[in-house]
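Okay, so here's the structure we're looking at.
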Amino acid sequence: MILLWLIKLTFHIARHTFATTVTLTNGVPIKSVSKMLDHKNLRTTQHYAKVLDRKVSDDMRILKEKFVFSTPNSKLV
C-alpha cells in the first residue's frame, strides 16, 4: 500500500515538474500545457502557473534591461 502511494506521489511530482520546469518556464502557452496534461479545466493547469512568480520577476528584469538599453536617455530605475 505504501509503495502504491509513493508511485502515485512520484507520478504527480513528475507531471508537476514537467508542467512548470519543462513547459511553462520555457514559454509554452498555458492552454497548450493544459492540453498536454489532459486537463479538462484550465483552472487545474493554472495551479501550476502560480509557482512561476520567479519566472515573471526574471522576465520583467529582462524586459526592463531591453527597454533601458534601447531607449536613449531613459530614466528608468
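Data for the structure
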read-out	value
Cβ-Cβ FRET estimate between residue 57 and residue 11, R0 fixed at 25 Å, reported to 0.05	0.25
Relative packing of 27-38, 55-66, which averages over residues the other C-beta atoms within 10 Å, highest first	27-38, 55-66
Nearest-0.05 FRET efficiency for residue 43 and residue 18, computed from C-beta distance (R0 22 Å)	0.75
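Bear in mind these aren't lab numbers, they're just calculated from the coordinates by the rules spelled out. The model shown is predicted, which means the values in this text are computed figures rather than measured ones. Neighbour counts run over all protein chains shown; Cβ positions are idealised from the backbone, glycine included.
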